[in-house]
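S.K.: Can you keep this structure in mind? I'll have questions shortly.
The values are calculated or read from the model by the stated rules, or taken from the named source; none is laboratory data. As the structure is a prediction and not an experimental result, all values here were calculated from the model. Note that each Cβ is placed from the backbone with ideal geometry, even for glycine, and that neighbours are counted across all protein chains shown.
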Amino acid sequence: MVTEERLILERVLDEVRSERQLSRTNWERLKGTFGDRFDKAWRLVQERRVKRYAFRPSGRVTWVVVGQGGEYQIYPNAGYCGCDDFYFRVVDGEAGLCYHLLGQKIAEALDSYDRVDEEDEAYRLLTGEWRAQIRAEED
């Protein structure tokens, strides 16, 4: 099921990138595949709670999603999110993606996210804040 979810998502995202929109058919396909996770992910996209931080001059990019519990650092290429759902459902194989990762992938394909430009000096501070948030949630 997890692999099937990812295959469906990739097919839909390929169409979204070429059409520059999420058609009703693809919206229904994602809703049918991901259910409540899609609803939450779509809300993230609609409310522009997906952020792409670009640091200069290094060109380093970091994705952050503002979820219900705070800001979660996302590593889309690795398929990683710092949220509890990732640890409890994705790592255990119950789900292929948490809704934060799903939202990030949809937002990126639609080119619908907030862009934040920062100097490289801010990278360590910001990533430290995001990691501290994860540690605080674990306590």
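S.K.: Answer with yes or no whether residue 125 is of a type outside the set (Lys, Arg) and out of contact with any Gly (no Cβ under 9 Å at 6 or more places or on another chain).
M.R.: Criteria met by residue 125.
S.K.: If I filter the stretch 95-139 down to residues being of a type in the set (Lys, Arg) and either under 17 Å from residue 75 (Cα atoms) or at pLDDT 90 or above (or both), which single residue comes out as farthest from the chain's Cα centre (by Cα)?
M.R.: 124
S.K.: What tally of residues in the stretch 54-68 results from selecting those that are part of a loop (DSSP other than H, G, I, E, B) and in contact with a Phe, Trp or Tyr (Cβ under 9 Å, 6 or more places away or on another chain)?
M.R.: Final tally of qualifying residues: 2.
S.K.: Report, by residue number, each residue of the stretch 47-68 that is under 10 Å from residue 100 (Cβ atoms) and either touching a helix residue (DSSP H, G or I) at 6+ places or on another chain (Cβ under 6 Å) or touching a residue at least 24 places away in the same chain (Cβ under 8 Å) (or both).
M.R.: Within the stretch 47-68, 49, 50, 63, 64, 65, 67 meet the criteria.
S.K.: Could you pull out the residue among 71, 5 that is more than 15 Å from residue 108 (Cβ to Cβ) and in a helix (DSSP H, G or I)?
M.R.: 5
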